[in-house]
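Presented below is the structure to which this report refers.
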Ligand SMILES: Cc1cc2nc3c(=O)[nH]c(=O)nc-3n(C[C@H](O)[C@H](O)[C@H](O)COP(=O)(O)OP(=O)(O)OC[C@H]3O[C@@H](n4cnc5c(N)ncnc54)[C@H](O)[C@@H]3O)c2cc1C
């Protein structure tokens, strides 16, 4: 195997990975490994904005932002981390601005801000304009700005290197194994610290806004090494995916005044969230859409509703929402200035992930013990600032705030520690996995298992869940895992063998689906994005706690519980 040595290795070149890179001092030797060319990271698809209480248009305050985030999280978010993030937000925005990010501007030159779901002023009184944006291409601008800064810093990029295993020894992480996609060769990256920033896993579900690459790799390779995954039962379904494709129409469209209507032309959110209506948090809006559909008020009695932007006028749509209105024209041949857009909930964001503290250090048990040298940030991590439901625009903020903190802490750690020796079996697990897949001659294809998995996760583990459906899903999922042992690929070459890597990604998706499903079966209450038809109420007495899911090879996973950091904001009923 090819060997490399670095002080810090960052896995993933999206917003989280590149924010970490920006925080690492020049004296340290850094490598960034990414299975995609950096610009193709999903951060580039983020549309609506990034939140910070700048108060450019009206009074705002980081504590209101923190309050909204805690309430949005259905009180499962850790309040210390949330307050940290919201306090750091204004500086994080100015830092991006100084790095060259072209934000949309107000007439007076200040950064433009718009309303987003669940963001309010005066402790929930009415919506506030808090989302800073670059038209509806905010993530694209963040990604390009940070990538340019990383090049300026002379970072070593290993593009199209797919990490397939982390190397751990005595409770510390000392590197990773990656496959170079163009040659199929395996490379060992030996390092003092590793920062995982590999994004989410929306591709486990049939309908999703997520890119093809979001297959939960980083989470799964931790899970396989005995590191738990936290709060995996909480998956966000964004209310406005284009019907039937699932491509996202940003919440910014409702922020600019768009409204949801049913087959009777009623603005139905007035009934579900009387005060903030269409700008209620995503879990509430997604459930409301399904309630309308269940009651027969879907458009043409089908499983979608309308997002009406026609009253906003062509000028506003062109200036503030050019990309998403373009999607409606391109994919559905609909002109949003003249006719409403058909939408339905689409799998969007993982609230759960690799547990970390506020410095990005990976936590391995309920007492907060850490895996030395291992860090995680961005969507693959769970700090947890989003709890049971993330507010729109808080993910991009999470990436830049906690990406930076992970980069800073990993640097301090790497400066004061030596390269530890690699264990003798480094890379053994991934090597035997890849060989097994290559040598299988008879069995199902990757896509066959993947399609079935995506269907059962969508059918039984999406916006509404119940015991009966999830039990069925669990038995089907374990059958798929058995089938996967025999998965075969027809391409046995080494050159860009995407079929082989798709098999690896499928193994990751089966792992994270297992954690999600079993977490959802375990949690017998409804909180945030996790809605159980058989347990419709939130139950703080028994369930105001985080779940940590541990893989048990060949058996169902086991769980431990971790306390929620409460403190400043009292746990209350969540009413909008
Ligand atoms: C359509 C869409 C719109 C969104 N809009 C917004 C918004 O307006 N505001 C907001 O706050 N949030 C938004 N989000 C959410 C937000 O964009 C994401 O949560 C965030 O960008 C994730 O960033 P990340 O850096 O964690 O991961 P990503 O940007 O997904 O990057 C992951 C990186 O990891 C690499 N990688 C993955 N696996 C491997 C592996 N095995 N080996 C090597 N490299 C690997 C990839 O190559 C990639 O570089 C949106 C999400 C979507 C899908």
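The values are calculated or read from the model by the stated rules, or taken from the named source; none is laboratory data. All values derive from a computational prediction rather than experimental measurement. As a convention, Cβ positions derive from the backbone with ideal geometry for all residues, glycine included, and neighbour counts pool all protein chains shown.
Residues checked against (1) within 23 Å of residue 9 (Cα to Cα); (2) in contact with a helix residue (DSSP H, G or I) (Cβ under 9 Å, 6 or more places away or on another chain):
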| site | (1), (2) |
| --- | --- |
| 383 | yes, yes |
| 386 | no, yes |
| 389 | no, yes |
| 419 | yes, no |
| 423 | yes, no |
| 433 | no, yes |
| 441 | no, no |
| 449 | no, yes |
| 460 | no, yes |
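As an exercise: evaluate residue 567 against (1) within 30 Å of residue 273 (Cα to Cα); (2) modelled with pLDDT of 95 or more and give the number of the one condition it does not meet.
The one condition residue 567 does not meet is (2).
Would you please name the residue that is nearest to the ligand (Cβ to nearest atom), looking only at residues in the stretch 132-141 that are in contact (Cβ under 8 Å) with a residue 60 or more places away in the chain and out of contact with any strand residue (DSSP E or B) (no Cβ under 7 Å at 6 or more places or on another chain)? Even if it seems obvious, please write down each step before you answer.
Taking the stretch 132-141 and keeping what is in contact (Cβ under 8 Å) with a residue 60 or more places away in the chain, we get 132-133, 135-140.
Still in the running and out of contact with any strand residue (DSSP E or B) (no Cβ under 7 Å at 6 or more places or on another chain): 135-137, 139-140.
Details: 135: 11, 136: 8, 137: 9, 139: 5, 140: 10 Å.
The extreme case among them is 139.
When the residues of the stretch 207-226 are narrowed to those that are surrounded by fewer than 24 Cβ atoms within 10 Å (Cβ to Cβ) and over 16 Å from the mean Cα position of the chain (by Cα), which ends up farthest from the ligand (Cβ to nearest atom)?
Let us first name the residues in the stretch 207-226 that are surrounded by fewer than 24 Cβ atoms within 10 Å (Cβ to Cβ), namely 207, 211-213, 223-226.
Still in the running and over 16 Å from the mean Cα position of the chain (by Cα): 223-226.
On the way: 223: 13, 224: 12, 225: 14, 226: 19 Å.
Ranking the qualifying residues of the stretch 207-226, first place goes to 226.
Restrict the check to the stretch 438-447 and report whether at least one residue is more than 21 Å from residue 213 (Cβ to Cβ), free of Cβ contacts under 8 Å to residues at least 24 places away in the same chain and surrounded by fewer than 21 Cβ atoms within 10 Å (Cβ to Cβ).
Narrowing the stretch 438-447 to residues more than 21 Å from residue 213 (Cβ to Cβ): 438-444.
Then keep just the ones that are free of Cβ contacts under 8 Å to residues at least 24 places away in the same chain; that gives 439.
When the remaining residues are screened for being surrounded by fewer than 21 Cβ atoms within 10 Å (Cβ to Cβ), the result is 439.
There is at least one residue in the stretch 438-447 that is more than 21 Å from residue 213 (Cβ to Cβ), free of Cβ contacts under 8 Å to residues at least 24 places away in the same chain and surrounded by fewer than 21 Cβ atoms within 10 Å (Cβ to Cβ).
Within 16 Å of the ligand (Cβ to nearest atom), more than 30 Å from residue 84 (Cα to Cα) and buried (at least 16 other Cβ atoms within 10 Å of the Cβ), is that true of residue 401? Break it down into steps so the answer makes sense when it comes.
On the way: within 16 Å of the ligand (Cβ to nearest atom): yes; more than 30 Å from residue 84 (Cα to Cα): no; buried (at least 16 other Cβ atoms within 10 Å of the Cβ): yes.
No: the conditions fail for residue 401.
Just need a number here: residues in the stretch 213-240 that are assigned to a helix (DSSP H, G or I) and in contact with a helix residue (DSSP H, G or I) (Cβ under 8 Å, 6 or more places away or on another chain).
Residues that pass the stated criteria total 6.
Looking only at the stretch 481-501, count how many residues are touching a helix residue (DSSP H, G or I) at 6+ places or on another chain (Cβ under 7 Å), surrounded by fewer than 19 Cβ atoms within 10 Å (Cβ to Cβ) and part of a helix (DSSP H, G or I).
Matching residues across the stretch 481-501 total 3.
Among the residues of the stretch 183-193, is any part of a loop (DSSP other than H, G, I, E, B), within 17 Å of the chain's Cα centre (by Cα), more than 14 Å from the ligand (Cβ to nearest atom) and touching a residue at least 40 places away in the same chain (Cβ under 8 Å)? Can you show your working first?
Filtering the stretch 183-193 for residues part of a loop (DSSP other than H, G, I, E, B) gives 183-185.
Now restrict to residues that are within 17 Å of the chain's Cα centre (by Cα): none.
Among the residues of the stretch 183-193, not one is part of a loop (DSSP other than H, G, I, E, B), within 17 Å of the chain's Cα centre (by Cα), more than 14 Å from the ligand (Cβ to nearest atom) and touching a residue at least 40 places away in the same chain (Cβ under 8 Å), which makes the answer no.
For the stretch 327-368: of the residues being in contact (Cβ under 8 Å) with a residue 60 or more places away in the chain and over 23 Å from the mean Cα position of the chain (by Cα), which is farthest from the ligand (Cβ to nearest atom)?
Filtering first and then ranking leaves 340.
Only one of (1) under 14 Å from the mean Cα position of the chain (by Cα); (2) more than 9 Å from the ligand (Cβ to nearest atom); (3) closer than 19 Å to residue 40 by Cβ is not met by residue 235, so which one is it?
(3)
Just for the stretch 254-263: of the residues that are within 15 Å of the ligand (Cβ to nearest atom) and touching a helix residue (DSSP H, G or I) at 6+ places or on another chain (Cβ under 6 Å), which one is farthest from residue 212 (Cα to Cα)?
In this case the residue turns out to be 256.
Restricting to the stretch 369-393, what's the tally of residues that are within 13 Å of the chain's Cα centre (by Cα) and outside any loop (DSSP other than H, G, I, E, B)?
Here the count works out to 6.
Out of the residues in the stretch 266-292 that are in a loop (DSSP other than H, G, I, E, B) and within 26 Å of the chain's Cα centre (by Cα), which is farthest from residue 67 (Cα to Cα)? Write out each step before concluding.
First, the residues of the stretch 266-292 that are in a loop (DSSP other than H, G, I, E, B): 266-268, 273-276, 280-281.
Pick out the ones that are also within 26 Å of the chain's Cα centre (by Cα) and you get 273, 276, 280-281.
Values: 273: 18, 276: 16, 280: 15, 281: 13 Å.
Only one residue tops the list, namely 273.
Out of everything in the stretch 14-36 that is more than 8 Å from the ligand (Cβ to nearest atom) and farther than 16 Å from residue 152 by Cβ, what residue ends up being surrounded by the most Cβ atoms within 10 Å (Cβ to Cβ)?
Across the stretch 14-36, the extreme among qualifying residues is 31.
Name, by its number, the condition in (1) surrounded by fewer than 16 Cβ atoms within 10 Å (Cβ to Cβ); (2) assigned to a loop (DSSP other than H, G, I, E, B) that does not hold for residue 451.
Status for residue 451: all satisfied but (2).
Of the residues that sit in the stretch 47-72 and are near the ligand (Cβ under 8 Å from one of its atoms) and either modelled with pLDDT under 95 or assigned to a helix (DSSP H, G or I) (or both), which one is farthest from residue 137 (Cα to Cα)? Can you show your working first?
Looking only at the stretch 47-72, we keep the residues that are near the ligand (Cβ under 8 Å from one of its atoms), and these are 47-51.
Still in the running and either modelled with pLDDT under 95 or assigned to a helix (DSSP H, G or I) (or both): 47-48.
Values: 47: 5, 48: 7 Å.
Step by step, filter the stretch 47-72, then rank; the result is 48.
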